[in-house]
1. Can you find even one residue in the range 118-131 that is under 21 Å from residue 169 (Cα atoms) and within 16 Å of ligand 1 (Cβ to nearest atom)?
2. So which residues in the range 93-122 are outside any loop (DSSP other than H, G, I, E, B) and out of contact with any helix residue (DSSP H, G or I) (no Cβ under 9 Å at 6 or more places or on another chain)?
3. Within the range 201-233, restricting attention to residues that are more than 30 Å from residue 111 (Cα to Cα) and either of a type in the set (D, E, K, R) or touching a Pro at 6+ places or on another chain (Cβ under 9 Å) (or both), which residue is nearest to ligand 2 (Cβ to nearest atom)?
4. So how many residues does the range 169-183 have that are under 14 Å from residue 133 (Cβ atoms), touching a residue at least 40 places away in the same chain (Cβ under 8 Å) and within 16 Å of ligand 1 (Cβ to nearest atom)?
5. In the list 83, 131, 109, 92, which residue meets the criterion of being farther than 30 Å from residue 23 by Cα and hydroxyl-bearing (Ser, Thr, Tyr)?
6. Tell me the residue from 140, 177, 125 that is surrounded by 12 or more Cβ atoms within 10 Å (Cβ to Cβ), over 26 Å from residue 31 (Cβ atoms) and touching a helix residue (DSSP H, G or I) at 6+ places or on another chain (Cβ under 6 Å), please.
7. Among (1) within 16 Å of ligand 2 (Cβ to nearest atom); (2) in a helix (DSSP H, G or I); (3) at pLDDT below 95, there is one condition residue 86 misses while meeting the rest; what is its number?
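The values are calculated or read from the model by the stated rules, or taken from the named source; none is laboratory data. As the structure is a prediction and not an experimental result, all values here were calculated from the model. Every residue, glycine as well, gets a Cβ built from its backbone with ideal geometry; the counts of neighbours run over all protein chains shown.
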Amino acid sequence: MTTLATINNLVITRDTPAFIIASAIPGAARVFTRNRMDWCCKGLMSLGNHCAEVGADPIAFLEEIADEAASAPTGPNWAAKSTPELVAHILTFHEAHRRDLPELSAMITELAVTQGERRPVLRELAAAFPTFMAETYHHLEMEERDLFPPIAAGETAGLAALIRRLRDEHEGHDHRLVAFRDWCEDYRTLRRFAYPLPNDPDRPINALHLRLEGFEADLMEHMHLENNLLFPRLQPGA
Ligand SMILES: [Fe+2]
Ligand SMILES: [Fe+2]
């Protein structure tokens, strides 16, 4: 298979799975998400198939990744960490989501009231967000109650059904993130208003989009750590 690019020592072909690229190259995950490629729940799908699905040119896409990688900070290689270290890291995302979700909900509720007339999509977002929050909290609790304790005790034999359910819920979260992205104009205000003026009426929208895009990146990374690194260790082939 022809090499399309080598970025940060990773040799990439059309067959390279998306999650390998997204987890090995700093900043690559952002580029996948920005191009609406689900590198997390569809992490095993090849680069070539992801590009075909959204009509992207693989070479141009990899150039975008190389540009992003040039300025992105490098992080630890979680694939090489022990399972207890991986779980401890995953729990930092649970903590972050529990901090972020109520703050995001408050921002959305306020903006739906103050700007809902001008931007009706904010009302749709405000109507959908409580369900998303409740689903996410329930998901985090289920993992903390039913998944992590058996892992800590080394009793992972009966987890197949739970892992299937968690993977399905991750896909549900991903669909909601895509809907939020749709409603928020692909977070393009972030680029339009890189330096918003204090009295700009779009300043609060810009702040919301910034927070939501950050939350999206965190949740995608979190689901990737579970789908592509943790679950396969517990259930080879799952
Ligand atoms: Fe989790
Ligand atoms: Fe999860």
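1. There is no residue in the range 118-131 that is under 21 Å from residue 169 (Cα atoms) and within 16 Å of ligand 1 (Cβ to nearest atom).
2. If the condition is that a residue be outside any loop (DSSP other than H, G, I, E, B) and out of contact with any helix residue (DSSP H, G or I) (no Cβ under 9 Å at 6 or more places or on another chain), then 95, 99, 106 are the ones that fit.
3. Among those that are more than 30 Å from residue 111 (Cα to Cα) and either of a type in the set (D, E, K, R) or touching a Pro at 6+ places or on another chain (Cβ under 9 Å) (or both), it is 226.
4. Qualifying residue count for the region: 3.
5. On the way: 83 fails: farther than 30 Å from residue 23 by Cα; 131 fails: farther than 30 Å from residue 23 by Cα; 92 fails: farther than 30 Å from residue 23 by Cα.
Being farther than 30 Å from residue 23 by Cα and hydroxyl-bearing (Ser, Thr, Tyr) holds for just one of 83, 131, 109, 92, which is 109.
6. 140
7. That leaves (3) as the condition not met.
So that you can scan it fast, the table gives a plain yes or no per residue for (1) modelled with pLDDT of 95 or more; (2) assigned by TED's automatic domain parsing to the domain that holds residue 142; (3) touching a Lys or Arg at 6+ places or on another chain (Cβ under 8 Å); (4) farther than 24 Å from residue 94 by Cα:
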site: 172; (1), (2), (3), (4): yes, yes, no, no
site: 179; (1), (2), (3), (4): no, yes, no, no
site: 189; (1), (2), (3), (4): no, yes, no, yes
site: 192; (1), (2), (3), (4): no, yes, no, yes
site: 195; (1), (2), (3), (4): no, yes, no, yes
site: 198; (1), (2), (3), (4): no, yes, no, yes
site: 205; (1), (2), (3), (4): no, yes, yes, yes
site: 208; (1), (2), (3), (4): no, yes, no, no
